[in-house]
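Reviewing the structure listed below.
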Amino acid sequence: MAEPWWRTGPQELHRLEDRITSLYAERCHIDRDYNAIVLINKARTVHVPAAWLTVLLIPPGSRITHPAITLLADSGTAVC
């Protein structure tokens, strides 16, 4: 069985021009699941590979876990 698309490894880091420029995560809980960050709110759960992001924007009202910050730092993603 093939691995899910959000489980990218550190050797599969994307070039900067191939990444999504920014992601604005409003009113959600941000956690880590393998090599993806998980955005959880009342309506849905979304997996985003950390290696695909350039900047994650976190406004007041969102929470992020330490493992998620560690993953974003390891993949070269800026967090504001």
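For HIS29, the shell of other residues with beta-carbons less than 14 Å away shows a net charge of +2, using +1 for Lys and Arg and -1 for Asp and Glu. THR70 contributes an accessible area of around 50 Å² to the protein surface, as traced by a 1.4 Å probe with all chains present. Accessible surface of VAL48, taken over heavy atoms with a 1.4 Å probe and every protein chain present, rounds to 20 Å².
You can think of it this way: the chain between LEU57 and ALA43 has 3.0 nm of extra reach, that is 0.36 nm per residue less the Cα-Cα gap. For THR77, nonlocal amide neighbours, meaning residues 5 or more places apart or on other chains whose placed amide H falls under 5 Å from its own, do not occur.
Our estimate of slack between ASP33 and ALA73, defined as 0.36 nm per intervening residue step minus the Cα-Cα distance, is 12.9 nm.
The values are calculated or read from the model by the stated rules, or taken from the named source; none is laboratory data. This structure is a prediction, so every number in the text was calculated from the model and none was measured. Reconstructed Cβ throughout: ideal geometry from the backbone, glycine too, with neighbour counts over all protein chains shown. SASA here: full protein model, heavy atoms, side chains in, ligands and nucleic acids out. Shrake-Rupley method; radii C 1.70, N 1.55, O 1.52, S 1.80 Å.
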